[in-house]
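The numbers here are math on the coordinates, done by the rules we state, and not lab data. Values in this document were obtained by computation on a predicted structure and should not be read as measured data. Positions of Cβ are generated from backbone atoms using ideal geometry, with glycine treated the same way; all protein chains shown enter the neighbour counts.
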Amino acid sequence: MNGAHALMQTLLEAGVDTCFTNPGTSEMHFVAALDDTDMRGILTLFEGVASGAADGYGRMADKPAATLLHLGCGLGNGLANLHNARKGRVPIVNIIGDHATAHVQYDAQLQSDIETVARNVSSWIRSCTDTKMLASDAAAAVAAAKGPPGQVASLILPADVSWGEEAESAAPHSPVPPPIAAAETIDQVAAVLQSGQKTAILLGGRVLRAEGLRMAAQIAEKTGAKLFCEVFPSRLERGAGLPHVERIAYLAEMAAVQLAGFKNLILMDAKAPVSFFAYPGKKSYLVPEGCTPYELAAPNEDALQSLAALVSKLDANAVEPQVQAERRPKLPRGQLSAAKVCQAIGALLPERAIISDEAQTSGVKLPLFTAGAPRHDVLTLTGGAIGQGLPVAVGAAVASPDRPVLALVGDGAAMYTIQSLWTMQRENLDVTVIIMNNRSYAILNIELQRVGAKSIGPKAKDQLDLASPALDFCALAQGMGVPGRKAETAEDFNAALEWALAEKGPHLIDAIVPTDYKGLRLKALPFMLASLDKIPNSVAKKIKKALAP
């Protein structure tokens with residue numbers, strides 16, 4: 001077999017059976033080999049869709065998908081969503097075509113330094129220069145991607161290595177079970193939890209699935225610790241019958257309110273919280289002064305088994321954790337708003353749904369209205385690079401074809417990877433896309449007020465405005481074969497969501513939701529946030545809960 005066939009066979013034997021592609025000339029031998037194997041090739045119209053879809057697939061399948069990208073330029077186009085995957089510790093194997101080795105010397109038009117581009121997002125990089133080594137390199141790439149922790153592995157494939165003959169597939173690497181936390185670490189964390197001091201537990205990664213949530217809730221019930229989770233978890237299981245966990249707020253001032261007064265912070269597969277950006281006169285490191293962080297398990301250790309060992313150490317195995325009661329809001333009425341969209345989702349969310357959440361400012365009430373809904377998974381913007389919501393929904397739907405997927409996306413973020421709609425229709429994926437259309441980069445209007453800019457004039461405001469011309473998302477969807485409806489009232493939205501959920505396949509709802517943050521309220525927001533650390537914490541918590549429950 002040639003190198004491409006050996007590569008594909010090796011990927012399949014290692015469990016990688018799905019590849020999101022946007023190929024070019026250098027990858028044609030890989031493309032041709034698809035017909036001779038069981039690899040599922042899914043075409044995307046933009047590399048950012050391919051990389052984001054591989055991210056969504058990895059989160060739901062708990063194994064890597066592959067991407068097929070064309071040279072350094074194609075990899076560069078997919079970089080933002082690979083960054084999000086890296087931050088979320090999601091396993092992905094990039095297959096990046098390169099010029100044939102003998103062609104490199106001529107510095108052709110598409111020649112670039114692929115390794116330098118890949119280094120921004122990849123924990124493992126290898127450029128294969130020998131057809132006979134390609135299969136073993138592929139097996140190593142899959143093993144690296146699986147981790148732990150999960151990571152992005154990039155295999156650079158020159159065209160002549162792909163077309164070269166006398167190749168053989170390679171057996172997958174035997175998995176090595178990750179170690180659990182050291183006994184001394186478990187003893188130390190147990191002692192902290194039993195100390196009587198005010199202690200918070202911050203959950204992340206694999207601990208945010210049902211098993212981990214249950215064990216963490218047992219510990220909280222036994223010791224009185226408070227449960228939090230990362231602001232943007234890669235995958236959070238929630239809903240009726242599961243323990244409730246409070247997410248750390250995006251705005252640093254609100255996160256400080258949540259963490260105020262704690263003496264200890266136990267990190268369970270999570271990093272100590274920091275603000276997304278630096279702001280004049282504000283702290284970047286959000287662990288309160290006088291609070292000591294403790295890490296239960298390192299990223300390369302088994303967080304779930306370490307947590308189980310801690311439960312046993314605390315004699316909490318028989319403790320019955322508190323769980324979220326089944327509860328749904330009523331369907332909203334009247335003029336549509338972002339909160340009413342979230343309310344309708346909570347009222348109609350189907351069993352075992354997957355929510356790809358990139359609603360930004362429009363989605364702050366989603367956790368409140370879906371807390372008691374049927375059990376579901378939430379996939380969030382782990383790395384902060386917008387344009388993730390639609391392609392992650394594509395990957396999640398491919399990985400979980402028996403589950404309905406909802407993609408909540410801001411209008412600005414949707415335009416980064418709107419090509420996802422085409423792949424949804426081509427693959428007949430059961431995805432309901434909800435555009436939270438406030439006709440602006442609303443989050444940036446808030447940030448413009450917070451960063452301390454001395455003057456904000458019409459030119460500055462114009463850079464954040466999407467109203468002229470207004471984007472017609474139903475027309476965009478129709479152009480890619482996806483049926484769409486526009487909703488300007490709550491009744492319109494309720495009917496549109498019921499329609500979309502009743503039919504298999506992709507649908508789009510353009511929800512016109514004026515932003516809550518404008519005029520005097522927008523101008524007052526920085527002053528209100530700045531006052532939170534100057535008023536009693538009990539009052540500050542009520543304000544935080546009202547703004548971002």
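Results, tabulated for the structure shown:
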| read-out | value |
| --- | --- |
| The range 1-151: C-alpha pair distances exceeding 28 Å, % | 10 percent |
| Karplus-derived 3J(HN,Hα), 6.51/-1.76/1.60, for each residue of the range 278-293, Hz, glycine and proline x | 8, 10, x, x, 10, 7, 9, 8, 9, 5, x, 4, x, 9, 9, x |
| Which listed pairs, of Lys226/Lys271; Lys486/Lys541; Lys283/Lys459, have C-alpha distances above 25 Å, in listed order | Lys486/Lys541; Lys283/Lys459 |
| Along each principal axis, Cα extent of the range 104-209, largest first, Å | 69, 33, 24 |
| Relative contact order (%) - the chain, alpha-carbon pairs under 8 angstrom, separation at least six | 14 percent |
| Overall Cα dimensions of the range 338-517, principal axis frame, Å, largest first | 52, 37, 33 |
| Contour excess over end-to-end distance, with Cα ends at Glu211 and Thr25 and 0.36 nm allotted per residue | 62.4 nm |
| For the range 183-313: span of alpha carbons on each principal axis (Å, largest first) | 45, 31, 28 |
| Nonlocal amide H pairs with Arg247, under 5 Å, H built at 1.01 Å | Cys229 |
| Radius, Kirkwood style, for the chain when every pair of distinct Cα atoms is counted (Å) | 24.5 Å |
| Calculated diffusion of the range 210-263, Stokes-Einstein form, Kirkwood radius summed over Cα pairs, 10 °C and 1.306 mPa s, µm²/s | 130 µm²/s |
| The range 3-163 - percent relative contact order, Cα under 8 Å, separation 6 or more | 27 percent |
| Counting DSSP beta bridges with both ends in the range 183-313, the antiparallel % (nearest 5) | 5 percent |
| Cβ-Cβ FRET estimate between Gln478 and Glu351, R0 fixed at 25 Å, reported to 0.05 | 0.25 |
| Under-5 Å amide H pairs with Ser127, H placed in peptide plane, nonlocal only | Ile156 |
| Using distinct alpha-carbon pairs, which all enter the 1/r mean, Kirkwood radius of the range 261-377 in Å | 18.0 Å |
| For Leu286, residues with placed amide H under 5 Å, excluding near neighbours | Val274, Ser275 |
| Residue-by-residue Karplus 3J(HN,Hα) for the range 323-330, coefficients 6.51, -1.76, 1.60, Hz, glycine and proline x | 10, 6, 6, 5, 7, 10, x, 6 |
| Length released on extending from Ala108 to Leu368, taking residue separation times 0.36 nm less the Cα-Cα span | 88.1 nm |
| Table column - 3J(HN,Hα) (Hz), the range 122-130, Karplus curve with 6.51, -1.76, 1.60, x for Gly and Pro | 10, 8, 9, 9, 8, 9, 8, 10, 9 |
| Separation of the Phe527 and Val539 label points, Cα + 7 Å toward Cβ, nm | 1.6 nm |
